[in-house]
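Heads up: the structure comes next, in structure tokens.
Here, each number is a calculation from the coordinates, and none is a lab measurement. If you're wondering where the values come from, they're calculated on a predicted model, not measured in any experiment. Here the Cβ is made from the backbone with ideal geometry for all residues, glycine too, and neighbour counts use every protein chain on show.
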Amino acid sequence: MAITLPELPYSKDALEPHISAKTLEFHHDKHHNAYVVNTNKLIEGTELANADLAEIIKATVGKSDKVGIFNNAAQVWNHTFYWNCMKKNGGGKPTGQIAERIIKDFGSYEKFVEEFKNAGATQFGSGWAWLVLQDGKLQIMKTSNADTPIAHGVVPLLTVDVWEHAYYLDYQNRRPDYLSIFVDNLVNWDFVNSCLK
């Protein structure tokens, strides 16, 4: 079962002016696709050739001889999840169950935003900031490079990509501006609610 590049859940210009069609063209069509191609090459002829992404990630995490497979497969998974975390006219305060859980576990929506944006801004180098469900409680998590919550038995609910290719064409070195725009204008809270088990 080959790993495939999923279509974006919106047109390439749907997130403008916040994320440009040019950024999505490079990010999805070039970067994400390269991880798909590399994963397929690396698992070909191995015991993982017919596994799905989650199985590949869990089978290779922490194994020094399988770092290449883990990095590429996890990046395919992370990017697919990230695309779904955004939508046109998204962002702002959530509704539904996630809104209640954020108040319960962070005290306020504003406190959640502060912690989430801080995680993204302080992630040294490349990586991801996440809202996750761990031990029955919402928490903020950050991961370096390709690492992903699902490799550690943690349930991801929301992520923002802080690799430079996610924002540099539109925001240059202004990662905090990108994070603010993401929270205020892009978050797909319907998707986050759908991930909350």
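Using the eigenvalues of the Cα gyration tensor, what equivalent ellipsoid semi-axes result for the chain when each is taken as the square root of five times the eigenvalue, whole Å, largest first?
Details: eigenvalues 143, 81, 45 Å².
Listed largest to smallest, the semi-axes of the chain are 27, 20, 15 Å.
Test of the criteria: in the stretch 72-131, which chymotrypsin sites (Phe, Trp or Tyr not before Pro) are in a DSSP loop and have at most 11 other Cβ atoms within 10 angstrom of their Cβ? Write out the running numbers ahead of the final one.
On the way: sites: Trp77, Phe81, Tyr82, Trp83, Phe106, Tyr109, Phe112, Phe116, Phe124, Trp128, Trp130; in loops: Phe124.
Sparse-neighbourhood loop chymotrypsin sites (Phe, Trp or Tyr not before Pro): Phe124.
Could you state the number of Å between the C-alpha centres of the stretch 5-75 and the stretch 134-165? Cα centres, the stretch 134-165 to the stretch 5-75: 16 Å.
In units of 2.2 N^0.38 Å, what is the alpha-carbon radius of gyration of the stretch 143-197?
With N residues counted in the stretch 143-197, Rg over 2.2 N^0.38 Å equals 1.28.
Neighbours of His31, meaning other residues whose beta-carbon lies under 11 angstrom from its beta-carbon, give a summed charge of -3 when Lys and Arg score +1 and Asp and Glu score -1.
Would you compute, from DSSP H runs of 4+ residues alone, the mean residue ellipticity of the chain at 222 nm, taking -39500 (n - 2.57) per run and dividing by the full residue count, rounded to the nearest 500?
My calculation for the chain gives -12000 deg cm²/dmol from helical runs alone.
The relative contact order of the stretch 97-195, computed from alpha carbon pairs under 8 Å that lie at least 6 residues apart in sequence, is 26 percent. A DSSP coil position with no more than 10 other Cβ atoms inside 10 Å describes the following GluC sites (Glu not before Pro) in the stretch 1-49: Glu7, Glu44, Glu47. Dipole magnitude for the chain: about 260 debye, using +1 per Lys or Arg Cβ and -1 per Asp or Glu Cβ, origin at the Cα centre.
The alpha carbon radius of gyration of the stretch 123-164, expressed as a multiple of 2.2 N^0.38 Å, is 1.09. GNM remark for the chain: springs join alpha carbons under 10 Å apart, and the peak mean-square fluctuation among Ser64, Ser11, Ser144 falls on Ser64.
Between the listed residues Val36, Thr46, Val192, the Cα displaced farthest toward the positive end of the dipole of the chain, a dipole computed from Cβ unit charges relative to the Cα centre, is found at Val192.
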